[in-house]
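Enquirer: Pasting a structure here, questions to come.
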Amino acid sequence: MTKEERFVVNPLQKFLLDTHRSGAGWRIKHRPRHGTSSTGWDLQVERKNQVLLIEAKYITGPFAAALAGLVIAPLTNKREKMKSHKKKSWSAVVAWALGCGYNRGGRGKYKMAGIYQILLDCLARNIEFWRCYSRVLKVKYIFFMDQRKVAKIRFDKILTLAERFAPASDLSLSRRREYAEELLSFLVFK
C-alpha cells in the first residue's frame, strides 16, 4: 500500500462513506486495485445524479510535481468507470485531494501551512486562468487531509482566498505561511 493510499485515499473514502461527517450518502463506484500502477482516477464516488472523480496526491517532496499531476488529471480525459462507453457522465465533477508528509523539523506538526501557502501562491499568480480552468474542466472541490482527518473547500472559494492572498507575495516566506494559515483557519477537519 502506498503512502498516497494510506494517508489520502483511505481517509477520504472513509469520510465520504460516513454520512454524518460528509453530509451526503456517497457510494464507492470504483477504486483501483493497485495504487501505483493504476491509470484512472484515484477514487470515483457517486450518489443520485452526481459523480465525483478524485485525483489524490500525497506530498513528501517538491510541491510543483504534485500540483502538475493534479492540474493535468482532468486534461488527460481519463475514462470513468461506467456501464456505457462514454468517457465521462454529464454529472461528473473533479476534486483534488491533498495530504502531506510529516514535518521532521522538531515540533511534530504537519506542514499544512506550507501546503496552503504554496497552493495560494500558485493560484494567486493567474486567477482568471484558474477560474476558466475550474469552469471548463468542472473542478469543484479540494479535500485536505491532516492526520487522517478531512476538510473540504469549494474550488471557487479557494480562488477567492487566493485573490485576498495575492498582495502578500512580497512578504517573507514565514509571514506568507502565517497569512495562508490565517486565511484557511475556518477549515474544519472531521
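Enquirer: Taking neighbour Cβ counts within 10 Å as the exposure measure, how do I115, I59, I72 sort from fewest upward?
Expert: I72, I59, I115
Enquirer: Using a cut-off of 20 Å between alpha-carbon atoms, which aspartates and glutamates can reach K149, once sequence neighbours fewer than 8 places away in the same chain are excluded?
Expert: Partners found: E4, E5, D18, D42, E55, E181, E182.
Enquirer: Shifting gears a bit: For S89, S185, S169, what ranking results if the residue with the fewest other Cβ atoms within 10 Å of its Cβ goes first?
Expert: S185, S169, S89
Enquirer: Moving to a separate point now. How do E163, E4 line up, fewest other C-beta atoms within 10 Å first?
Expert: E163, E4
Enquirer: For V150, what residues show an amide H to amide H distance below 5 Å, using hydrogens built from the backbone and excluding near sequence neighbours?
Expert: Here the answer is K190, since their amide H atoms fall under 5 Å of that of V150.
Readers should treat all values here as calculations from the given coordinates under stated rules, not as data from a laboratory. Predicted model only: the values in this text are computed from it and were never measured. Counting neighbours? That spans all protein chains shown, and the Cβs are built from the backbone with ideal geometry, glycine included.
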